[in-house]
1. Can you pull out every residue in segment B:62-108 that is surrounded by fewer than 16 Cβ atoms within 10 Å (Cβ to Cβ), within 14 Å of another protein chain (Cβ to nearest Cβ) and touching a residue at least 12 places away in the same chain (Cβ under 8 Å)?
2. Hey, does segment B:45-61 have a residue that's more than 11 Å from chain A (Cβ to nearest Cβ), surrounded by 14 or more Cβ atoms within 10 Å (Cβ to Cβ) and in contact (Cβ under 8 Å) with a residue 60 or more places away in the chain?
3. Within segment B:24-46, can you find the residues that are farther than 17 Å from residue B:96 by Cβ and in contact with a Lys or Arg (Cβ under 9 Å, 6 or more places away or on another chain)?
4. Looking at residue B:74 and the list (1) out of contact with any Ser or Thr (no Cβ under 7 Å at 6 or more places or on another chain); (2) more than 23 Å from residue B:16 (Cβ to Cβ), which single condition is not satisfied?
5. Give me the strands (runs of 3 or more DSSP E) completely within chain A, filtered to those with at least 2 residues that are open to solvent by less than 20 Å² (accessible area, probe 1.4 Å), within 18 Å of residue B:35 (Cβ to Cβ) and polar (S, T, N, Q), ordered by residue number.
6. Quick check on this structure: which one of B:16, B:42, B:53, B:63 is within 22 Å of residue A:42 (Cβ to Cβ) and among the small types (Gly, Ala, Ser)?
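The values are calculated or read from the model by the stated rules, or taken from the named source; none is laboratory data. Just so we're clear, the structure is a prediction, and the values are computed from it rather than from any experiment. Cβ placement follows ideal geometry from the backbone for every residue including glycine, while neighbour counts extend to all protein chains displayed. Just so you know, the surface numbers come from the protein's heavy atoms only, side chains and all, with ligands and any DNA or RNA stripped out. Shrake-Rupley method; radii C 1.70, N 1.55, O 1.52, S 1.80 Å.
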Amino acid sequence: RKEVEQDPGPFNVPEGATVAFNCTYSNSASQSFFWYRQDCRKEPKLLMSVYSSGNEDGRFTAQLNRASQYISLLIRDSKLSDSATYLCAVNILTGGGNKLTFGTGTQLKVEL
Amino acid sequence: NAGVTQTPKFQVLKTGQSMTLQCAQDMNHNSMYWYRQDPGMGLRLIYYSASEGTTDKGEVPNGYNVSRLNKREFSLRLESAAPSQTSVYFCASSETLPGQGYQPQHFGDGTRLSIL
């Protein structure tokens, strides 16, 4: 099983729709979780951290489910400009130290 | 505030040539990282430096070396480039805040490297 897994998509949704992505992680000791956005051929940019109690930033809501070991990202009222790949990142405690492991990303396409 | 700056942005090499990718950050972060990103593979950690003076191997270190020159700069060297090293390379940095959990990483805009 991969340490961090995401559905690659693409998720094709109409403008204005609500869409949600999940990201599962294998290490129950993971403590820090993030969502990044990556546009085509650009660098990943931090979208938001994920807090234990869940958190919201405008149209974006992130949640953590420790029991089932996944995080989620909900986007409400999708815009064309939300089209991108969304990467989750989880800190993984390994024998080599504390590192951040990224999922391979979920592609979102918002259409007219 | 430039954040994380990588040079060069594009490079084409011939097999066997060597080159160094440069990375500098102006956020006073302790930790720095080098990743490569290939289609369908996601971001894979090559090397990282938890603090000035230390470096450690990541997931895919073979064929690469790194130098943490000072707190700001972390370079990645390909001694003898191979076509399999054709990729997009990202440098990142993060803060270390004891007791406050793992901090997010901030990325440079990448170096697109082609090995012929």
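1. Correct list: B:95, B:96.
2. no
3. In the first step, residues of segment B:24-46 are kept if they are farther than 17 Å from residue B:96 by Cβ; the result is B:24, B:34-44, B:46.
Listed by number, the residues that qualify are B:24, B:35, B:36, B:37, B:38, B:43, B:44, B:46.
4. Single failed check for residue B:74: (1).
5. Answer list for chain A: none.
6. B:42
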